[in-house]
1. Figure the gain on full extension for PHE59 and LYS189 (residue separation times 0.36 nm, minus the Cα-Cα span) and round it to one decimal in nm.
2. Each residue of segment 183-192 in turn: what ³J(HN,Hα) in whole Hz from Karplus with 6.51, -1.76, 1.60 and θ = phi - 60°, glycine and Pro shown as x?
3. Might you list the cysteines of the chain that have no disulfide-compatible partner by the rule of another cysteine's Cβ under 4.7 Å?
4. Using Cα centres only, tell me the gap between segment 31-50 and segment 90-123 in whole Å.
5. When a footprinting reagent is the concern and you count Cβ atoms within 10 Å, what order do VAL57, VAL185, VAL72, VAL105 take, fewest first?
6. Amide H of VAL103: which non-local residues (sequence gap of 5 or more, or other chain) have their own amide H closer than 5 Å, using H built in the peptide plane?
7. So if a site counts as exposed when it's one of the GluC sites (Glu not before Pro), its DSSP state isn't H, G, I, E or B, and it has at most 11 other Cβ atoms within 10 Å, what's the longest stretch of the chain without one?
8. Kindly put PHE59, PHE117 in sequence by how many other C-beta atoms sit within 10 Å of each C-beta, fewest to most.
Amino acid sequence: MLFDFDGTITTKDTFLELIKYHKGALWFYTGMLLLLPRLLLFRAGIVSSQSIKETVVSFFWRDIGVTEFDKVCHDFCSRILPGLIRPAALKELQKHIADGHRVAVVSASAENWVKPFCSKYNITCIATRLETKENKLTGKLVGLNCNKEEKVNRIKSVFDLNNYEDIIVYGDSNGDKPMLRLASVAHFKPFR
């Protein structure tokens, strides 16, 4: 069972919500205004999701210590994330766990704040990785952003899909469509 995270399990994009939580609304909106030209290029398809994610991570968190950032992410997961979870999605996820199914969350969001959610339910976390050097975030990603075809590549690096009779996939965006094509049963925007 493969679940997308942002927009499928959650009601909002957790990347943006984490920035608001850590930096405050004023700095979040100021930053977005300063990054607007680059964001518009992304919307127009001129700038890749990899590039825009690195730009935003770098703007808000470059050179933050890994320990401090992970603490922020864990605090966010404890305080804010529960209010962003779709009850129907959580119920479906818990049903699969109770039925003994192998469950994974596959997300373009960074594992720093997706992994605490996955650990809580003892499920596999496949997510974007943030690069660190000298115990600080660099603003770059390790490898590719876990989106679109990269979701499929990362799933296949963790699971031998030939070992599964049924592959049930839950997603809500164009970034999930390649993953949804892996499914024997695909659910697109199932919890709205």
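1. That works out to 43.7 nm of additional length.
2. Each residue's phi maps through the Karplus curve to give 6, 7, 9, 10, 10, 9, 6, x, 10, 9 Hz.
3. Isolated Cys, the chain: CYS73, CYS77, CYS146.
4. Centre-to-centre (Cα) distance: 30 Å.
5. VAL185, VAL72, VAL57, VAL105
6. Amide H neighbours of VAL103: THR124.
7. In short, 1-133.
8. With the sparsest Cβ surroundings first, the list reads PHE59, PHE117.
Bear in mind that the values in this text are calculations on the coordinates, not laboratory data. Predicted model, so just to flag it, every value in this text is computed and none were measured. Because the Cβ atoms are built from the backbone with ideal geometry, glycine has one as well, and the counts that use them run over all protein chains shown.
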